[in-house]
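The values are calculated or read from the model by the stated rules, or taken from the named source; none is laboratory data. Worth saying up front: this structure is predicted, and the values here are computed from it rather than measured. Using ideal geometry, Cβ is built from the backbone for each residue, glycine included, and neighbour counts are taken over all protein chains shown. Please note that ligands, DNA and RNA were not included when accessible areas were found on the heavy atoms of the full protein model with its side chains. Shrake-Rupley method; radii C 1.70, N 1.55, O 1.52, S 1.80 Å.
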Amino acid sequence: ADIPVIPDLEDVQEENLAMQVAAPPSVQVNRVLTYHDLDKDLMKYAAFQTLDGEVDLKLLTKVLAPEHELREDDVSWDWDHLFTEVSSELVTEWDVGQLERED
């Protein structure tokens, strides 16, 4: 009686499984925090001001830059233009260095 029995194919075909629907899984959905929420939480809770309970991050959290200061516009780079710009700056610095040595 304790030994599992493999059912015969004929017995399985008699069952109508087409009308049976599995219950959907229940998943807990957590809200994703925004940068603004994270910034407020960082300043509020002391748990974020220490790392592993040993490293004090209070000084770092005081000088963190806000998000709006870190955002930059996307700028496409053109290799030829960038190379010309850097080359001209280097030549200008080299010329200034040469003039200072002559004086």
Looking at PHE48, is it surrounded by 10 or more Cβ atoms within 10 Å (Cβ to Cβ), at pLDDT 75 or above and not in a strand (DSSP E or B)?
no
May I ask you to verify whether GLU100 is open to solvent by 100 Å² or more (accessible area, probe 1.4 Å), part of a helix (DSSP H, G or I) and at pLDDT 70 or above?
yes
Exactly one condition in (1) outside any helix (DSSP H, G or I); (2) modelled with pLDDT of 75 or more is false for HIS81; which is it?
(1)
Could you identify the single residue in VAL55, VAL86 that is surrounded by fewer than 10 Cβ atoms within 10 Å (Cβ to Cβ) and without any contact (Cβ under 8 Å) to a residue 40 or more places away in the chain?
VAL55
